[in-house]
Amino acid sequence: MAQAPSASTEELQEVARRVRRHIVRMTHAAKSGHPGGSLSSVEILTTLYFRVMRHDPKNPSWPDRDRFVMSKGHATPLLYGTLAEAGYIDPDDLLTFRQLGTKLQGHTIMGKPPGVEMTAGALGMGLSFGLGVALAARLDGRDYHTYCLLSDGDSQEGQTWEAAMAAGHHNATNLTAIIDRNHIQNDGYSDYQRYDDDGNSPDRPGGWVMEDNHTANIMNLEPFADKWRAFGWETQLVKGHDIEAISAALQAAREDDERPTAIICETTKGRGVSFMENNPDFHGKAPSDEQLAQALQELGFEE
Amino acid sequence: MAQAPSASTEELQEVARRVRRHIVRMTHAAKSGHPGGSLSSVEILTTLYFRVMRHDPKNPSWPDRDRFVMSKGHATPLLYGTLAEAGYIDPDDLLTFRQLGTKLQGHTIMGKPPGVEMTAGALGMGLSFGLGVALAARLDGRDYHTYCLLSDGDSQEGQTWEAAMAAGHHNATNLTAIIDRNHIQNDGYSDYQRYDDDGNSPDRPGGWVMEDNHTANIMNLEPFADKWRAFGWETQLVKGHDIEAISAALQAAREDDERPTAIICETTKGRGVSFMENNPDFHGKAPSDEQLAQALQELGFEE
Amino acid sequence: MVQAAADKATREVLGPTLAKLAREGLDVVCVDADLGYSTSAVKFGREFPDRFFPMGVAEQNMIGVAAGLASCGKIAFCSSFAVFAPGHCFDQLRMAVAQPRTNVKLFASHAGVVTGEDGASAEALEDLTLMLSMPTFNVLFPADAVECEQMIEAAARTDGPFYIRSMRPKTRILFDDAHRFELGKWPLMRDGKNVTLIACGELVKSALDAAETLAGQGVEARVLNASSLRPFDREALLAAARDTGAIVTAEDHFIQGGLGGLVSQALAAEQPTPVEFIGMEGYGTSGTWKQLLEHFDLTPEAIARAAGNAISRKSR
Amino acid sequence: MVQAAADKATREVLGPTLAKLAREGLDVVCVDADLGYSTSAVKFGREFPDRFFPMGVAEQNMIGVAAGLASCGKIAFCSSFAVFAPGHCFDQLRMAVAQPRTNVKLFASHAGVVTGEDGASAEALEDLTLMLSMPTFNVLFPADAVECEQMIEAAARTDGPFYIRSMRPKTRILFDDAHRFELGKWPLMRDGKNVTLIACGELVKSALDAAETLAGQGVEARVLNASSLRPFDREALLAAARDTGAIVTAEDHFIQGGLGGLVSQALAAEQPTPVEFIGMEGYGTSGTWKQLLEHFDLTPEAIARAAGNAISRKSR
Ligand SMILES: Cc1ncc(C[n+]2csc(CCOP(=O)(O)OP(=O)(O)O)c2C)c(N)n1
Ligand SMILES: Cc1ncc(C[n+]2csc(CCOP(=O)(O)OP(=O)(O)O)c2C)c(N)n1
Ligand SMILES: [Mg+2]
Ligand SMILES: [Mg+2]
């Protein structure tokens, strides 16, 4: 598939549902891994791999392929699940995830399996790498586009802002940042937006340690779009589980030849599995047997 | 002087002139050092040390002193020169600058001599340190204020934006950033603003290497005030050699109890010495014997 | 020394110990970079919210802020994973802590291949090297949670930069509460005269197991817990070289630059002695921590084998 | 080998050599962090502006961008001062270069106390330690500009991560153009049988001077130029230990973790031998580079003295 296929939105939603199944099954089998931030970007990756990106699973090192660079390198269940659906990975291998000897490592490793563009796992590094890829395209006169997936945490690392400044400065119009803005990070809520305040004052700036094993208001990123604009980027705010909206934003970003574009996707961490939704606990925790069963059921699968 | 003295503007200008003399003499004697970025911040430091800051040269570790944290740690001629004028350093010691065995090291070292608040020399580190100092004030219930001097280069380091984000988030209203925005960095011009374009296209983004030993448009920081605002700061744009304007901005920053303030000072690198003004060559080069003589003459000194 | 206490991760004691010290009146603060639950730092934050400063995922800023707090008299702890601190903020540690000797204490968790399933990126195998490269840092690596707690307290009560390395998994408790950690002293875990096993971290237990095996073969192995890497126990090391003439080092860390490097260099300077090295040579991979210890030969069996090799090199 | 060529700084050859290679058709690019004049990288940028990417003062981003370029087939050089790269971007080097083995070449200048007047913050004394902590990096430290040029070319023509350390001051040319750099080989600069002086960087010249002094005292010193630190020359090292039985290492770098550490560990593993160390133990200070070499005892005299000590330890 050297050109992006034009799947219908229903078909894409079906793919997304299967990817979600991979995510919960892989993390369950591995007894570890990151379901929350994987589930929140499913529609983004589905839209990229099945509608927008020019790529060829038979030829993963095709020089003209569009690049998907995942900065949030912990979201491997998402990436491997999507690559399996796209034909890069044998779906039977997915359950080897995180096991000794597997190709499917806990955090991404470049080229392992082919289709994975970047080694990641330390946040903040993807946009720089993506910028390098985008500058190479310009130098080589190639018209591929580079898409970087970033997280809340990525956006707190200074390196991301170094890269943002440089991309703006170098007019890297062939680079698009997509931010999975689920407002939850490792220790809890980035801000108060998704935190349900039961009488606790939300006024305390910074690091209000909760009773229930989360922290609220760890590091507020707002006004987020203003930040990107001030660093020389076009911005779009998008409902991050709406495939049509994502498609339109990606299309516009690709066509923009003035500035790189940051697409801020408002998402729900854990999306699609009720007990994981907006729950910081499932950032880095696998579902139990019962939880897997419930998750699969909610997703409409027998197993 | 436990309280800031209320010197007249003329007196401050006189101090500034003497500090400039120290700068050119120190770098000349050391045959190395950074005159350009020292000269561009003279009015800023003069205003801080002789009008705004509460400090006591007899008691440099007074817990309630206002703190001056210099992130651009290469501007030691400026800092030592000012500290000499303020009574922290014996002016006779100034010419030991950068020599083996001296207290007056090439880049700042915390407490060496007393009055130097932070070890620096690697750009990008001062605002984090300043934020720590400001948070300590809040914890200890002290009302001192912390002033951080940053440069163009500091503002390109990601750490500065990490610190900016955190200061905004933690409402560090007792922290003020002062940016010496002289548009010149190590290799040349940050942008095209001060570069006189002789028919060469200024359209090429990024690092246009000049024939004459400078690079133009290394990394444009604009829209600079927007960046700070988007990171939660109040901003002020000030003529950076105008003591009245600097005073007013510093006063307003101190009184602001909503947000930390970034004072962007438009300055001229090398200010006060004609052949150093806006000349990237004198970022890190000492004046020759003849150049020293001319500089002193321009500053109105015999020697 | 071994008692029946339940296994415990060294990283679990940070928050509770800091809270205890703050309750005792120490002017402790803690700066965090979004790993406060993993390093247990939030247990301090919960009790002393005003003394706990989350910075988001921003390790460079974490170190700078800690140094600023320290410059105002605070005992400034910060914590993260050992791959990110020191790795993601080395220059900040060098400039804001090591050179000015600010009173900053870095507590790093998830060191070594025993970090497990996340794989190579998450397994810090070079953090001791990085920390030892800053000569003003005290560098500590506890063998169990008891020692770890005492190290945190020693760090808090001793002015200057400290690094404490801790691990993710729950491991065996080796010391009882009567144990007293001393900076620069390597606890003698078992005496012997044929070979010395110098281990750190969770491999101290493995070295003890190896010594047991060796005893069965008539080899008496001395076991030292090299928990204080700087300052290190020069006397214990030279005595080991003199008394036993053969040394094995064992660490969940790259061989080069860590304990093995430190021991080699001290011996080359004063008493050249055959050394065999148990440790990592390349990056890690995904797996459970116990599988990975096997996979990379960080086992009692490998240590015992190395002891045999070291002994066989004695006479040459 | 010594000839009368004018002194030259190793850092001066980066830009010209890259330009030459690009002219020959190599797909070289260079990413810069506002030190392109100091590292001479702009000399490449002037000739190939489309292949030169300034990133401002942002070392982390510099490395990430270089890795991205390398992933698209570019031979991606980047350069900065040795305190900032690796120090300011260690995790980026580890994750974007060392682990995936991207084709990135880091050229660092201003290493060592010979950086001079800027003082401690600017004097990289731990960069070799940091770079050696990443096992997939080739780590090189030329003794003169001729060797440096050849190393840049070798790095460009050999796939994978390279680090090349260079110095600020103009130093003596030791090699003539007939010299051919070989990865993993330590050039024999002078033969001898009583002691081996293993030096790197500008101290190779000092070791040669020390050997001359020693010769006057009837001591025949072998001198090896340890310019290839990874891979290192195991055979030359073991032969030196066997043939001369006493070793001195000399480096403008911390003793621990650099050349001294590497030599100690290799010897401890295979052939325990007395080693004396010439190098730095604490941070540097301001001064001229020649003053600092004296001040910190990085001199031919100190090397000769150390040789005497090493020899006196042989029989023990
Ligand atoms: C440099 C760095 N510091 C710390 C971590 C530890 N860590 C792993 S995931 C995470 C935060 C996860 O939240 P977010 O970045 O918002 O990802 P998402 O919600 O999309 O899963 C942190 C702090 C890391 N991976 N990298
Ligand atoms: C982290 C880091 N990278 C690189 C340098 C080298 N360097 C010294 S000064 C300088 C730039 C100077 O320009 P600017 O920061 O604008 O300072 P000013 O003009 O105020 O003197 C650079 C890149 C440094 N000091 N720190
Ligand atoms: Mg998130
Ligand atoms: Mg400037």
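The values are calculated or read from the model by the stated rules, or taken from the named source; none is laboratory data. What you are looking at is a predicted structure, and each value in this text was computed from that prediction instead of being measured. Note: ideal-geometry Cβ built from the backbone for every residue, glycine included; neighbour counts use all protein chains shown.
Structure values in brief
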quantity: Failed criterion for B:Gly188 (all others in (1) closer than 25 Å to B:Leu237 by Cα; (2) within 17 Å of the chain's Cα centre (by Cα) hold); calculated: (2)
quantity: Meets criteria (assigned to a helix (DSSP H, G or I), modelled with pLDDT of 95 or more and within 15 Å of ligand 2 (Cβ to nearest atom)) for B:Leu95; calculated: no
quantity: Failed item in (1) away from chain A (no Cβ under 14 Å); (2) within 15 Å of ligand 2 (Cβ to nearest atom); (3) surrounded by 22 or more Cβ atoms within 10 Å (Cβ to Cβ), with D:Gly15 passing the rest; calculated: (2)
quantity: Whichever residue in region B:142-168 is buried (at least 24 other Cβ atoms within 10 Å of the Cβ) and assigned to a loop (DSSP other than H, G, I, E, B) and, among such residues, is farthest from the other protein chains (Cβ to nearest Cβ); calculated: B:Asp152
quantity: Region C:42-82: number of residues that are more than 7 Å from every other protein chain (Cβ to nearest Cβ) and in a loop (DSSP other than H, G, I, E, B); calculated: 3
quantity: Subset of region B:22-40 that is within 16 Å of ligand 4 (Cβ to nearest atom) and within 10 Å of chain D (Cβ to nearest Cβ) - its residue that is nearest to B:Leu95 (Cα to Cα); calculated: B:Gly33
quantity: Residue in region D:284-297 that is part of a helix (DSSP H, G or I), more than 14 Å from chain B (Cβ to nearest Cβ) and among the hydrophobic types (A, V, I, L, M, F, W, C) present; calculated: no
quantity: Verdict on D:Val263 being buried (at least 24 other Cβ atoms within 10 Å of the Cβ) and either within 9 Å of another protein chain (Cβ to nearest Cβ) or at pLDDT below 95 (or both); calculated: yes
quantity: Residue count for region C:109-150, restricted to those that are within 14 Å of chain A (Cβ to nearest Cβ) and part of a helix (DSSP H, G or I); calculated: 7
quantity: One residue from B:Met26, B:Met70 being aliphatic (A, V, I, L, M), touching a residue at least 60 places away in the same chain (Cβ under 8 Å), touching an Asp or Glu at 6+ places or on another chain (Cβ under 8 Å) and surrounded by 24 or more Cβ atoms within 10 Å (Cβ to Cβ); calculated: B:Met70
quantity: Options D:Leu106, D:Leu130; residue that is under 18 Å from D:Ala226 (Cβ atoms), in contact with a Phe, Trp or Tyr (Cβ under 7 Å, 6 or more places away or on another chain) and modelled with pLDDT of 95 or more; calculated: D:Leu130
quantity: Qualifying residue in region A:75-82 (condition: within 14 Å of chain D (Cβ to nearest Cβ), more than 16 Å from ligand 2 (Cβ to nearest atom) and in a loop (DSSP other than H, G, I, E, B)); calculated: no
quantity: Residue match in region D:244-264 (condition: of a type in the set (A, V, I, L, M), over 27 Å from D:Gln150 (Cβ atoms), touching an Asp or Glu at 6+ places or on another chain (Cβ under 7 Å) and not in a helix (DSSP H, G or I)); calculated: yes
quantity: Those residues of region A:39-72 which are under 27 Å from D:Cys72 (Cβ atoms) and within 16 Å of ligand 3 (Cβ to nearest atom), in sequence order; calculated: A:Ser41, A:Ile44, A:Leu45, A:Met70, A:Ser71, A:Lys72
quantity: Lone qualifier among A:Leu123, A:Leu139, A:Leu100 - being without any contact (Cβ under 8 Å) to a residue 12 or more places away in the chain, facing another protein chain (nearest Cβ under 8 Å), of a type outside the set (S, T, N, Q) and touching an Asp or Glu at 6+ places or on another chain (Cβ under 7 Å); calculated: A:Leu139
quantity: Tally of residues being of a type in the set (Asp, Glu) and either within 13 Å of A:Gly232 (Cα to Cα) or within 16 Å of ligand 2 (Cβ to nearest atom) (or both) across region A:258-270; calculated: 1
quantity: Qualifying positions in region D:174-203 - part of a loop (DSSP other than H, G, I, E, B), under 20 Å from D:Thr213 (Cα atoms) and aliphatic (A, V, I, L, M); calculated: D:Leu174
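This table checks each residue for (1) hydrophobic (A, V, I, L, M, F, W, C); (2) within 16 Å of ligand 3 (Cβ to nearest atom); (3) buried (at least 20 other Cβ atoms within 10 Å of the Cβ).
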{"site": "A:Gly206", "(1), (2), (3)": "no, no, yes"}
{"site": "A:Asn217", "(1), (2), (3)": "no, yes, yes"}
{"site": "A:Leu250", "(1), (2), (3)": "yes, no, yes"}
{"site": "A:Ile264", "(1), (2), (3)": "yes, yes, yes"}
{"site": "A:Arg271", "(1), (2), (3)": "no, yes, yes"}
{"site": "A:Ser274", "(1), (2), (3)": "no, no, no"}
{"site": "A:Pro287", "(1), (2), (3)": "no, no, yes"}
{"site": "A:Gln291", "(1), (2), (3)": "no, no, no"}
